[in-house]
Amino acid sequence: MTIAVAVESPLQDDVCGLVAELNAALLALTPPEFAFHMTVEDMAAPDTTVFVARDAGRAVACGALRRHAGGIGEVKRMYTRPSHRGRKIGAMIVERIETLARKEGFKRLVLETGDRHPAAWAVYERAGFRRCGPVLDYPESKWSVFYEKALAE
């Protein structure tokens with residue numbers, strides 16, 4: 001397996017398909033009012049950088065860094081196709097997001113994930129994220145789990 005991770009446009013057909021799979025997976029586990037999706041158009045905005053993992057040219061995973069005021073970066077749209085889970089691809093993408101955030105001088109990374117996503121929790125916790133209370137403008141809810149990681153030395 002040779003997985004290549006690169007910054008790409010989310011507006012490509014195969015990446016749009018990957019994001020559609022992500023949305024369907026999230027909506028199967030979380031009520032729509034607590035599913036905080038970015039559209040692919042939102043993901044293409046200048047404040048967001050999208051990383052896509054490819055296996056033999058096929059888009060198999062994605063994740064994004066969204067920039068916020070105050071030196072805060074947000075990890076968004078993390079997804080790995082079921083066929084490629086368990087191969088540490090999510091960890092590769094989180095590492096790329098963190099590297100970019102550090103390069104850009106961010107003080108902290110934050111994220112919101114679902115209460116039924118233990119595989120995602122493991123990825124974030126292995127990468128040094130710690131659970132915290134609500135971040136940014138997310139509401140507190142039983143459907144959300146929040147994480148943060150300090151980047152400033």
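A short reminder: the numbers here are calculations on the coordinates, not readings from a lab. A quick note: this is a predicted structure, and the numbers were derived from the prediction, not measured. Cβ: placed from backbone, ideal geometry, glycine included. Neighbour counts: every protein chain shown.
Brief remarks follow.
- Number of the condition not met by L29 [criteria: (1) touching a Lys or Arg at 6+ places or on another chain (Cβ under 6 Å); (2) assigned to a helix (DSSP H, G or I); (3) of a type in the set (A, V, I, L, M, F, W, C)]: (2)
- Among the residues of region 85-113, those identified as in a helix (DSSP H, G or I) and either among the hydrophobic types (A, V, I, L, M, F, W, C) or free of Cβ contacts under 8 Å to residues at least 40 places away in the same chain (or both) are I89, G90, A91, M92, I93, V94, E95, I97, T99, L100, A101, K103.
- Any hit, region 122-133, residues being part of a helix (DSSP H, G or I) and crowded, with 17+ Cβ neighbours inside 10 Å: yes
- Qualifying residue in region 113-136 (condition: of a type in the set (S, T, Y) and under 21 Å from V19 (Cα atoms)): yes
- Enumeration of residues in region 37-61 that are within 20 Å of D115 (Cα to Cα) and either of a type in the set (A, V, I, L, M) or buried (at least 17 other Cβ atoms within 10 Å of the Cβ) (or both): M38
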